[in-house]
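Heads up: the structure comes next, in C-alpha cells.
The values are calculated or read from the model by the stated rules, or taken from the named source; none is laboratory data. Model, not experiment: these values are computed from the prediction. No Cβ is skipped: glycine too gets one built from the backbone with ideal geometry, and neighbour counts run over all protein chains shown. Ligands, DNA and RNA are stripped out before the accessible areas are found, and what is left, the full protein with its side chains, is counted by its heavy atoms. Shrake-Rupley method; radii C 1.70, N 1.55, O 1.52, S 1.80 Å.
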Amino acid sequence: IHTRQHTWRGPGEASRYRSPQAPLPVVSPIEVRASKSASENPSSEDSTARSFDTLFYAPDMSTPDYVMEGEELAHLVKALRARVGDHVSLTDGRGGLFTGTLVALDRRAAQLETRLVRQDPAPTPSLTLVVAPTKQSERFEWLIEKATEL
C-alpha cells in the first residue's frame, strides 16, 4: 500500500490538498440548508436580515426616514455589501442611538426607515482646577480671571 504525502504550502500558495494538521471546518446543518437554498435560487433575496456592528453618523435624524449618501453609503454598499432589509445602527452625535432598516438601495442613495433605540442625556461637564500659587500675586489674579471666563 502506497500512501502519498503532500506538503502543506501555507496560505497564499496554491494547494489543493489540506494539511493533515489543519482541522476540517465545522458546518452546522442550519448553515448547510441556508447555503443550499441560496444557491438553488440565486435570484431571490435572502429572507434573513443582517445587522452590522458599524455605527454610522447621521446628523439630521428629525424624520423617521433617513437618506444615506456619500462616503457612508460607499462603505455600506462596497465594504459591508448591504442589501435591502439589512439593519444599520446610526447616531446623531447628540446622544441618540437609532436602528434603521434598508428600504431602498441604489448607487447614489440608500433609504432607511429608522426608529429611536436610546436617547442618552447630554453629559454635564465637570471641571477641576488645581493651582499652585506663586509669590507673584499678579499671575494668580490673571489665573482667577481666566478661570472665571471658562
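For residues that are more than 13 Å from the chain's Cα centre (by Cα) and farther than 16 Å from GLY93 by Cβ, scanning just the stretch 51-69, find the one that is most open to solvent (accessible area, probe 1.4 Å). Selected residue: GLU69. When only residues in the stretch 107-123 that are in a strand (DSSP E or B) and of a type in the set (A, V, I, L, M) count, which is nearest to ALA79 (Cα to Cα)? Top of the filtered list is ALA110.
Identify all residues within the stretch 94-138 that are more than 30 Å from PHE52 (Cα to Cα) and either of a type in the set (Val, Ile, Thr) or surrounded by 11 or more Cβ atoms within 10 Å (Cβ to Cβ) (or both); write none if there are none. Within the stretch 94-138, THR124, THR128, VAL130, VAL131, THR134 meet the criteria.
Considering only the stretch 75-92, I want to know if a residue exists there that is without any contact (Cβ under 8 Å) to a residue 12 or more places away in the chain, within 16 Å of TYR57 (Cβ to Cβ), open to solvent by 30 Å² or more (accessible area, probe 1.4 Å) and within 13 Å of the chain's Cα centre (by Cα). Full working, then the answer.
Of the stretch 75-92, the ones without any contact (Cβ under 8 Å) to a residue 12 or more places away in the chain are 78-79, 81.
Still in the list and also within 16 Å of TYR57 (Cβ to Cβ): 79.
Now drop any that are not open to solvent by 30 Å² or more (accessible area, probe 1.4 Å), which leaves 79.
After this cut, where a residue has to be within 13 Å of the chain's Cα centre (by Cα) as well, the list is 79.
Yes, the conditions are met somewhere in the stretch 75-92.
For ALA147, are the conditions met, namely being more than 24 Å from the chain's Cα centre (by Cα), free of Cβ contacts under 8 Å to residues at least 40 places away in the same chain and surrounded by 10 or more Cβ atoms within 10 Å (Cβ to Cβ)? Give the derivation first.
Details: more than 24 Å from the chain's Cα centre (by Cα): yes; free of Cβ contacts under 8 Å to residues at least 40 places away in the same chain: yes; surrounded by 10 or more Cβ atoms within 10 Å (Cβ to Cβ): yes.
In short, yes.
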